[in-house]
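Comments concern the structure below.
The values are calculated or read from the model by the stated rules, or taken from the named source; none is laboratory data. These figures come from a predicted structure and were not determined experimentally. Here the Cβ is made from the backbone with ideal geometry for all residues, glycine too, and neighbour counts use every protein chain on show. For the accessible areas, the whole protein counts, side chains as well, though only heavy atoms, and no ligand, DNA or RNA atoms are used. Shrake-Rupley method; radii C 1.70, N 1.55, O 1.52, S 1.80 Å.
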Amino acid sequence: MTRPGVDQKGCFPEAFRAELDLLMRLRRDVRRFRTDPVDEAVLTRCLAAVSLAPSVGLSEPWRIIRVESETARAAALENFETANAAALADYSENRAATYARLKLSGMRDAPVQIAFYCDDETEKGHGLGAQTMPEMRRYSVVTAITLFWLSLRAEGLGLGWVSILDPEQMSRDLDVPQGWSLVGYVCIGHPERLSDTPELEQEGWEQRFAALPVETR
Ligand SMILES: Cc1cc2nc3c(=O)[nH]c(=O)nc-3n(C[C@H](O)[C@H](O)[C@H](O)COP(=O)(O)O)c2cc1C
């Protein structure tokens, strides 16, 4: 199959590759959002990337819930605040003081909020690749969120992943079917600011590896 811009060997042009690299470098986890709305057409375009993601056995186990109602948003925020307070209580002294300063969700401001679920019981894909490692279905959802994240970034939008949550409480609050598991609750909107450094690095919580930890066996 040939595509304009892709050469005979299947390589994309160098300028494109440089831009793809830049997109990956400038993707950030965003927790500080402006409150102005996100264009629905842009959101739809970015969500289309989910359907392009790889999935074990082509199971496409992602299930998407847009969290829109005041009640659902309030329950999600309360869920986060409870889990975050419990997490803080688990750290001691200096770590606790740093943790308390971090902003770990944009749930108060983000105009769009989506819960990504995995249907652990889907028959799509006929179990291929998931017999010994059923968690592969959830990892497939992670790959989809990653593509969505990059598409949003390319449109100037930010995504912030919130995992400081009680997933069972969230599933009750959102009334999801049995057999679905929460993979990621994501906040989306226009970022208040852009940065090429992870916020957790800026806040002194953690640093990126200086070198990739690759070993040989
Ligand atoms: C699976 C997953 C869960 C995460 N959960 C949270 C979270 O609950 N709160 C938060 O502030 N950031 C969360 N993050 C964002 C990470 O902190 C962030 O990706 C990391 O610090 C690197 O920063 P960067 O994404 O801007 O490169 C999560 C990221 C991933 C991939």
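Points to keep in mind about this one:
- Ranked by how many other beta carbons lie within 10 Å on average, peptides 15-21, 58-64 from highest: 58-64, 15-21
- If both residues of a DSSP beta bridge must be in the chain, then about 95% of such bridges are antiparallel.
- Spacing of the modelled spin labels on residue 42 and residue 217, each 7 Å from Cα toward Cβ, amounts to 4.5 nm.
- Solvent-accessible surface of the chain, averaged per residue with a 1.4 angstrom probe and all protein chains in place: 62 square angstrom.
- Stokes-Einstein D in µm²/s, Kirkwood radius over Cα pairs - the chain at 10 °C with 1.306 mPa s viscosity: 83 µm²/s
- Accessible surface of the stretch 28-193, 1.4 Å probe: 52 percent of it comes from carbon and sulfur atoms.
- The stretch 28-193, relative contact order [Cα under 8 Å, separation at least 6], %: 42 percent
- Candidates 117, 185, 99, ranked by Gaussian network fluctuation over the chain, Cα under 10 Å, top entry: 99
- Treating r as the C-beta distance of residue 155 and residue 70 and R0 as 25 Å, the FRET efficiency rounds to 0.40.
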